[in-house]
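Only one structure is covered here, and it is reproduced in the block below.
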Amino acid sequence: MALVGNIRDFSLSDFLYLVDRGYKTGCLHLNRLDESASLYFDKGKLITASRKDHAASVTDLLIQKNKLTSLQASDALVAQRNDGGANLSQVLLQREYISREELQKILQQYIEESVYVLFGWPDGEFRFEQNQRPEVTSPIMPVPLPVEHLIMEGVRRIDEWGRIKDRIPSNDLVVKFVEQPGDKAKGVQLAAEEWRVFARINGKDTLAEISQKTGLSEFDVSRIVYGFLTAGLVDVIKKPKPLPVMATGRPMAEPPRVKRGLVSRIINRIRGM
Amino acid sequence: MQTVKMVISGAVNAGKTEFIKAISEIEVVSTERRATDDTKLIKKETTVAMDFGRIAIADDLVLHLFGTPGQKRFDFMWEILSEGMLGLVILVDSTRPETFRETNRIIDFFVSYRDTPYVVAANKQDKPNAWSPDELRLALRLPPHVKVLPCVAAERESVKQVLLELLYVILQQSEE
């Protein structure tokens with residue numbers, strides 16, 4: 001079944017996180033007014049993307065960049081048709097028409113630019129079709145792209161407090177690293193300001209304190225932490241506080257410590273219903 | 001006579017009333033009125049006070065089920081309802097990602113300050129395009145120890161399973 005929704009309610013960053021952590025394979029279709037885009041993933045990593053009116057085959061792209069001749073393109077297409085298993089990018093590499101590094105660089109640039117624009121959409125319907133694969137002629141990257149990198153770059157283009165406030169409602173929240181950010185951190189490249197914030201994260205300081213220590217504005221710190229958070233590198237937690245006081249003025253009670261025997265009786269009763 | 005309490009919470013139209021109706025032994029007491037705000041776009045009647053259900057465990061023990069009001073303006077009720085509760089079921093409408101943020105807000109309210117035993121019930125799993133429990137765990141960014149359970153609140157067996165899973169969590173935290 002497809003996952004459907006609107007990026008107004010469930011942001012593109014959130015969806016990329018879900019795709020990454022869920023090792024999803026399939027296509028995310030996005031539509032807004034007369035614009036549309038398709039992002040294809042394999043086991044949680046981006047393999048290709050295109051926007052309406054900007055879609056191109058891998059050979060068209062390389063010809064435009066003077067990295068491939070028309071003759072080579074035709075030859076590769078024939079070879080691909082004869083070898084049903086491989087996509088066109090793989091055929092180009094097998095025939096050594098282009099190096100792996102160069103193909104990766106060109107396709108990554110094209111695909112990233114297709115995706116970054118989408119972070120600016122304030123809304124748009126999305127539909128994720130599980131296991132849907134791209135056309136074999138699509139510009140499929142030899143090495144799939146980790147989404148953390150996309151999230152960080154996409155978040156750099158966000159300038160709306162509203163979206164950030166949804167995840168970071170207060171500057172009194174403490175920032176801490178997740179248990180094992182190791183592999184996740186590898187795909188992320190940080191700008192100088194982001195490093196300044198990253199280096200201040202210690203599981204004790206609040207966003208307000210990080211802002212004070214780095215000299216960055218609270219908005220900038222929140223935006224940067226929002227990026228880390230969305231990429232799954234950090235968590236924000238509340239500072240431990242005394243139990244809140246109820247509207248009635250009484251302190252809110254801890255949940256009662258119940259006896260095992262009582263719980264077992266309820267379990268037996270519900271099982272028998 | 002000892003009474004214990006469980007709370008069923010979730011965003012508007014998550015299925016709280018239906019959940020309690022499916023399992024309660026008494027006619028569920030719902031103080032429902034005609035909706036006057038944007039919730040009327042979702043359903044004609046929406047809960048503005050609370051639902052109350054009851055299961056007799058034995059002659060000397062009764063389980064009460066309370067459904068919280070969904071709308072934000074009734075947040076103050078949550079405090080009152082949550083006092084002394086045994087555990088909490090958070091219901092999510094698995095077909096409406098627009099309610100996930102509100103669900104997180106509710107979880108945050110009930111759980112952040114206290115070690116409340118709770119489970120998340122991914123309701124409406126019988127509907128097309130329902131997000132699976134695994135997908136909801138990721139979407140709500142729930143830690144691995146929190147149970148996210150498939151649920152169809154209209155079905156008694158499904159509701160029973162959710163309550164039992166919550167009771168197993170409570171059992172783990174209970175004392176000899």
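For the criterion of being more than 7 Å from every other protein chain (Cβ to nearest Cβ), in contact with a strand residue (DSSP E or B) (Cβ under 9 Å, 6 or more places away or on another chain) and assigned to a loop (DSSP other than H, G, I, E, B), residue B:119 fails. Being in contact with a helix residue (DSSP H, G or I) (Cβ under 9 Å, 6 or more places away or on another chain), over 25 Å from residue A:230 (Cβ atoms), free of Cβ contacts under 8 Å to residues at least 60 places away in the same chain and of a type in the set (S, T, N, Q) is a property that residue A:72 has. The number of residues in segment B:144-165 that are more than 23 Å from residue A:258 (Cβ to Cβ) and more than 9 Å from chain A (Cβ to nearest Cβ) comes to 10.
Put simply, of A:9, A:20 the only residue that is without any contact (Cβ under 8 Å) to a residue 12 or more places away in the chain, in contact with an Asp or Glu (Cβ under 8 Å, 6 or more places away or on another chain) and open to solvent by 10 Å² or more (accessible area, probe 1.4 Å) is A:9. Scanning segment B:64-87 for residues that are outside any helix (DSSP H, G or I), within 30 Å of residue A:267 (Cα to Cα) and either more than 10 Å from chain A (Cβ to nearest Cβ) or at pLDDT 95 or above (or both) returns B:64, B:65, B:66, B:67, B:68, B:69, B:70.
The values are calculated or read from the model by the stated rules, or taken from the named source; none is laboratory data. The structure presented is a predicted model; accordingly, all values stated were derived computationally and were not measured. Cβ atoms come from the backbone with ideal geometry, glycine included; neighbour counts cover every protein chain shown. Ligands, DNA and RNA are excluded from the accessible area calculation, which covers all protein heavy atoms including side chains. Shrake-Rupley method; radii C 1.70, N 1.55, O 1.52, S 1.80 Å.
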